[in-house]
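Worksheet: the structure to be examined is printed underneath.
The values are calculated or read from the model by the stated rules, or taken from the named source; none is laboratory data. What you see is a predicted model, and the numbers here were worked out from it, not measured in a lab. Calculation scope for accessible area: heavy atoms of the full protein, side chains included, ligands and nucleic acids excluded. Shrake-Rupley method; radii C 1.70, N 1.55, O 1.52, S 1.80 Å.
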Amino acid sequence: MITQELNTEQTPELNKALYETAKVFVQPVKNKEAHYGKYADLSAIDSAIRKAIKKADSGLSFYQGILDNQTANGGKDSCKIYTTIRHISGESLTIYGDSFPRDAKMQTQGANETYAKRTSLCLAFGVVADDDDDGQAVALLDDYKAKQEEARERVAKWITSEFMNLKKDEIDKLRLVLKHKDKKPADLTYAEVFQLAGALNFYKLQQGQFEEK
């Protein structure tokens, strides 16, 4: 698990450079649209910061990296974004930002990483990148995830109940639609559980057992 310590190192030259940069900084154009309003994407934020650094000739540079983080709760793997700001004097400051879960799907992992980099860069340089605060977006996302998990659990219980009426060879054939064929219904992802439910419904239809509701 990543532990973060408060950085108490004195960075007077870097602080002055950040001040000079902030004086000329122009908030990025909100070039994207989401359900909660317009927002500036990662490239727009990055560009706005670099333009301000160049205009102020403040001698700053920055980069972002990813740290692996294993949480204490169940040992689940996650990642944490950090932003390091450097000054030509040699002074530097590292600011830890958002964490995000590791995902086997590259598309989901990439989206999570981009979002974390975006919010962390805003934190490091005081960028206002949204029409509304991210709290509303996070609340909406959490609500969506909760409803998705509720549906996943409900369908998984139905599959488990239906499997009790099937023979092992029948269940094994149904599991062929899954990449991980030894998973219990309760351990399936949202996509997997509905994939298996579809196969089960089709099988019941073939057997004349499906009741239209």
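Residues that are modelled with pLDDT under 85, acidic (Asp, Glu) and part of a helix (DSSP H, G or I) within segment 93-148 comprise ASP134, ASP142, ASP143, listed in sequence order. Restricting attention to segment 163-190, the residues that are at pLDDT 85 or above, β-branched (Val, Ile, Thr) and either assigned to a helix (DSSP H, G or I) or within 19 Å of TYR203 (Cα to Cα) (or both) add up to 1.
All conditions but one from (1) open to solvent by 50 Å² or more (accessible area, probe 1.4 Å); (2) modelled with pLDDT under 90 apply to ALA40; the one that does not is (1). When we screen ASN15, ASN7 for residues that are closer than 28 Å to ASP68 by Cα and either open to solvent by 40 Å² or more (accessible area, probe 1.4 Å) or modelled with pLDDT under 90 (or both), the only hit is ASN7.
Once segment 56-70 is narrowed to residues that are open to solvent by 50 Å² or more (accessible area, probe 1.4 Å) and modelled with pLDDT of 95 or more, the residue that is farthest from ALA129 (Cα to Cα) is ASP57.
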